[in-house]
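This report concerns only the one structure given below.
The values are calculated or read from the model by the stated rules, or taken from the named source; none is laboratory data. Keep in mind it's a predicted model, so treat the numbers as computed, not measured. Virtual Cβ from ideal backbone geometry, glycine too; neighbours counted across all protein chains shown.
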Amino acid sequence: MATPALPKPAGKPREVLPDQLRWRCNPAEFDFKTTADLKPLEGIIGQERALKALQLGVELYGAGYNVFVCGLSGTGRATTVKQLLERIRPQCAPAPDRCYVHNFHRPDQPRLLTLPRALAIPFRKDMDRAIDFLATRIPQLFEDDKFQAARGRILERYGEREKEMLEGFSDQLKKNHFALAEMGGAGTTVVPVLQGQPVPLEKLDEMVAGGQVDSAQARQISERQEQLQRQFVVLYRKTLELQRAMNLELELLEREAASALVDSVIEDVKEKYPHNGVADHLEAVRGSILENLSLFKTKAEGEEAEAARLLLRSSGPADPFWMYRVNAVLGHEDQQGVCPVILETSPTYVNLFGTIQRTYDVRGVARSDFTDIRGGSLLEADGGYLVINAMEALTEPGVWRALKRALIHGQLEIQSAADWLSHLTGSALKPEPIPVNVKVILVGETYLYDLLYAYEDDFKKIFKVKADFDSQMNRTPDAVRQYAALLRKLCEEDKLCPFDREAVAAVVEYGVRRAGRQDKLSARFSEIADLAREACYWARQAKSEVIGRTHVERAIAERIERHNLIESKIQEMIEKGVLLIDSRGERVGQVNGLSVYDMGSYAFGKPTRITASTAMGRQGIINIEREANLSGRLHDKGVAILSGFLRERFAQAKPLSLAASVCFEQSYAGVDGDSASSTEIYALLSSLADLPIRQGIAVTGSVNQKGDIQAIGGVNYKIEGFFDVCRAQGLTGSQGVILPIENVPDLMLRPDVVEAVRAGKFHLYPVATVDEGIEILTGVKAGERQPDGAFEDSTVNGRVDARLRALAEGLKDYEARSRGNEPRSE
């Protein structure tokens with residue numbers, strides 16, 4: 001029996017150099033001592049693409065050219081929008097003023113008056129002064145001696161005529177022994193006078209029965225009473241007609257007395273505001289005043305007037321002249337002004353679109369009129385720009401539907417919020433719609449834009465411009481200087497201590513790490529601002545007037561400590577042996593994979609033991625995580641790629657007769673992502689080749705079916721997580737991490753990891769293929785395919801190929817025996 005050939009040793013692998021592990025910002029390149037020597041940042045950093053799109057949306061006037069600003073939160077989207085609009089100072093036609101006035105023909109449909117800019121408030125004040133003047137002067141007119149004399153003559157004349165009519169009838173009644181008497185609910189009626197006393201007809205029958213009046217006399221009295229009653233009714237109607245005639249003549253007298261005054265006041269207002277619709281409204285006001293002069297008389301009628309006012313307040317508004325007032329729902333103070341830029345931080349229905357308020361009288365009855373109409377920020381932004389949060393606009397009841405309607409039709413219909421949201425009949429008012437020309441800028445996340453674009457038909461018609469803010473920007477010398485200027489601006493705005501050059505360098509390095517690539521800087525400036533504030537806190541705690549690198553590093557360390565409780569617990573379980581991780585020795589079919597735990601506010605990396613077992617069969621590769629419903633779609637895809645890789649490499653001349661399983665050991669939560677697919681391949685190759693893998697080397701990287709190693713995310717967290725485990729278990733100098741070569745530019749490792757690599761205590765191995773990685777893990781040459789199609793003997797691929805061939809032949813023999821047939825000899 002031949003002795004198996006010894007495995008062919010692999011060559012020395014390449015390593016990442018210490019200088020490649022972290023980009024260092026050189027403080028000596030700064031031309032300032034502290035940020036106090038700099039000018040504060042003006043403008044926006046690193047969002048050229050978004051700014052270009054935003055400027056297009058702002059300056060292009062056309063239907064639907066509203067803007068959706070998207071990107072990660074913390075990149076300064078809302079602030080940037082406002083700053084950009086202030087910087088470019090877009091030209092727009094000054095929006096006119098808008099007023100609501102009473103509609104005297106249709107009180108439930110208040111009229112809209114459009115006035116030139118800055119005239120609504122003066123118009124309202126002039127109308128108030130005019131009405132208040134009339135309320136004072138009209139009562140004085142009616143108290144004038146000349147007016148009172150004319151009024152007295154009318155009263156006297158009609159009084160005499162009424163007296164003449166009544167005296168003739170009274171004589172006739174007396175002559176026939178009848179009189180007029182109040183009979184309760186029957187009112188005034190004609191009754192007979194018997195024995196000097198008026199007697200109701202109902203008692204006449206009783207008197208006949210008592211013998212006081214005979215029946216013939218009673219019948220005669222009844223007949224005569226009916227005749228006189230008919231005459232009285234005719235006479236009463238004549239007195240009513242006389243009263244109406246008198247009242248009409250008095251009203252004409254009052255109109256004649258007041259018309260000159262009213263005409264003069266109305267004409268003065270009309271001449272001052274010769275604008276569309278104003279003259280018609282003032283004519284309606286003139287007619288209403290002259291028809292309702294009784295409202296103005298109550299000013300000088302003592303107790304009766306006060307009673308009238310109390311009655312009015314109990315059944316309507318406290319102001320008896322409310323119908324003559326002006327509601328300036330949009331009134332500007334200046335005639336020119338600049339384009340309004342409204343940042344609505346609370347986009348509720350009422351705040352955006354206005355409402356119709358309800359007032360209650362003393363009886364608790366709700367009512368509304370045109371003076372209760374209130375505008376919102378959409379009207380305030382007329383002719384300009386309205387910036388609102390997209391998520392809040394979608395989640396606030398009624399807002400999105402009303403916003404679409406306003407943008408599509410270009411008009412605002414102010415309704416009661418309660419009526420709009422509850423769909424119940426409330427206020428009967430339907431104000432005339434207001435034409436609006438507003439550019440709306442929604443600020444939201446990218447996924448929200450995608451959802452709206454896919455499922456909201458009207459969205460793509462009314463938001464034609466997308467401004468996408470990036471979370472990172474190129475790390476150029478100019479960008480680094482802008483970072484320093486940003487810190488100067490924060491110091492000025494938040495009254496922070498100045499940063500020295502080392503501190504600025506530390507902040508820039510933090511920005512590079514947050515960006516996830518050495519040639520990039522983070523554009524999430526809210527995080528940078530938070531770091532600056534916290535660094536200032538620690539500087540002041542140390543009684544330092546200037547922020548240094550140590551204060552920035554302290555702020556970073558303290559922030560990590562506030563969020564890394566779960567990381568500490570996992571590390572503790574690894575150190576106590578509860579979670580099994582080997583960082584020394586060798587094992588067949590076992591590899592340390594690397595995972596990232598993203599907690600939202602904090603992310604960290606930790607190793608996970610990944611194992612593989614192989615046997616004869618046809619099941620292929622079984623994903624144990626999937627069998628347990630713990631595998632995500634991306635992880636399922638990664639496992640499926642393993643089968644493709646094995647078929648591509650080892651099943652060209654034979655079937656792949658394999659039953660294998662891969663498992664994330666001690667993983668009880670969901671697993672997703674394909675960054676462990678290369679790790680799983682290494683475990684399978686180790687099991688098939690029966691070659692042990694170095695447990696001091698952890699692996700990260702995805703793989704394709706051709707065996708190429710692909711870049712992954714979170715590389716810094718993963719490396720640091722395994723380094724912490726190795727340091728806790730003891731650094732041997734042979735430990736390290738295999739990573740995709742494309743991830744080398746992403747490295748921004750902690751200084752302690754860099755120093756360990758520099759001292760030779762830890763190693764990073766960049767690889768481009770599976771073969772490079774398996775050689776590092778096993779120390780055995782991977783092996784290339786020979787011209788005859790076979791792999792080199794005593795290599796990893798050769799041993800795997802031989803094992804798979806043996807499994808295929810063994811399965812073939814087994815199946816043949818199972819069918820009762822002898823295997824065919826070769």
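Observations on the model:
- Exactly one residue out of Asp334, Asp369 is charged (D, E, K, R) and surrounded by 21 or more Cβ atoms within 10 Å (Cβ to Cβ): that is Asp369.
- Test for Leu811: is it touching a strand residue (DSSP E or B) at 6+ places or on another chain (Cβ under 6 Å) and among the hydrophobic types (A, V, I, L, M, F, W, C): no
- Scanning the stretch 26-66 for residues that are among the small types (Gly, Ala, Ser) and at pLDDT 90 or above turns up Ala28, Ala36.
- Residue match in the stretch 715-734 (condition: outside any helix (DSSP H, G or I) and buried (at least 21 other Cβ atoms within 10 Å of the Cβ)): no
- Selection count where residues are modelled with pLDDT of 80 or more and not aromatic (Phe, Trp, Tyr), scope the stretch 602-640: 13
- Residue match in the stretch 319-329 (condition: at pLDDT 90 or above, assigned to a helix (DSSP H, G or I) and either surrounded by 19 or more Cβ atoms within 10 Å (Cβ to Cβ) or in contact with a His (Cβ under 7 Å, 6 or more places away or on another chain) (or both)): yes
- Residues in the stretch 465-482 that are outside any helix (DSSP H, G or I) and touching a helix residue (DSSP H, G or I) at 6+ places or on another chain (Cβ under 8 Å): 10 in all.
- Taken together, the residues in the stretch 519-572 that are among the aliphatic types (A, V, I, L, M), touching a strand residue (DSSP E or B) at 6+ places or on another chain (Cβ under 7 Å) and closer than 12 Å to Pro498 by Cα amount to 4.
- Taken as a whole, the condition of being crowded, with 17+ Cβ neighbours inside 10 Å and touching a Leu at 6+ places or on another chain (Cβ under 9 Å) applies to Leu134.
- Tally, over the stretch 772-818, of residues that are among the charged types (D, E, K, R), closer than 17 Å to Lys706 by Cα and outside any helix (DSSP H, G or I): 2
- If only residues of the stretch 534-552 that are in a helix (DSSP H, G or I), in contact with a helix residue (DSSP H, G or I) (Cβ under 6 Å, 6 or more places away or on another chain) and not hydrophobic (A, V, I, L, M, F, W, C) are counted, the one that is surrounded by the fewest Cβ atoms within 10 Å (Cβ to Cβ) is Glu534.
- Residue within the stretch 548-558 that is farther than 30 Å from Thr608 by Cα and hydroxyl-bearing (Ser, Thr, Tyr) present: yes
- Residue ID - surrounded by the most Cβ atoms within 10 Å (Cβ to Cβ), chosen from residues in the stretch 157-206 that are assigned to a loop (DSSP other than H, G, I, E, B) and among the polar types (S, T, N, Q): Asn176
- In the stretch 739-758, the residues that are touching a Leu at 6+ places or on another chain (Cβ under 7 Å) and not in a helix (DSSP H, G or I): Leu739, Leu747, Leu749
- Phe723, sole failed condition from (1) closer than 16 Å to Leu684 by Cβ; (2) without any contact (Cβ under 8 Å) to a residue 60 or more places away in the chain; (3) of a type outside the set (Ser, Thr, Tyr): (1)
- Residue ID - nearest to Arg513 (Cα to Cα), chosen from residues in the stretch 574-595 that are at pLDDT 90 or above and hydrophobic (A, V, I, L, M, F, W, C): Leu594
- Filter pass, Val387 being outside the structural domain of Arg286 (by TED's automatic domain parsing), assigned to a helix (DSSP H, G or I) and at negative phi: no
- One residue stands out among those in the stretch 207-238 that are aliphatic (A, V, I, L, M) and at pLDDT 80 or above: the one that is surrounded by the fewest Cβ atoms within 10 Å (Cβ to Cβ), which is Val234.
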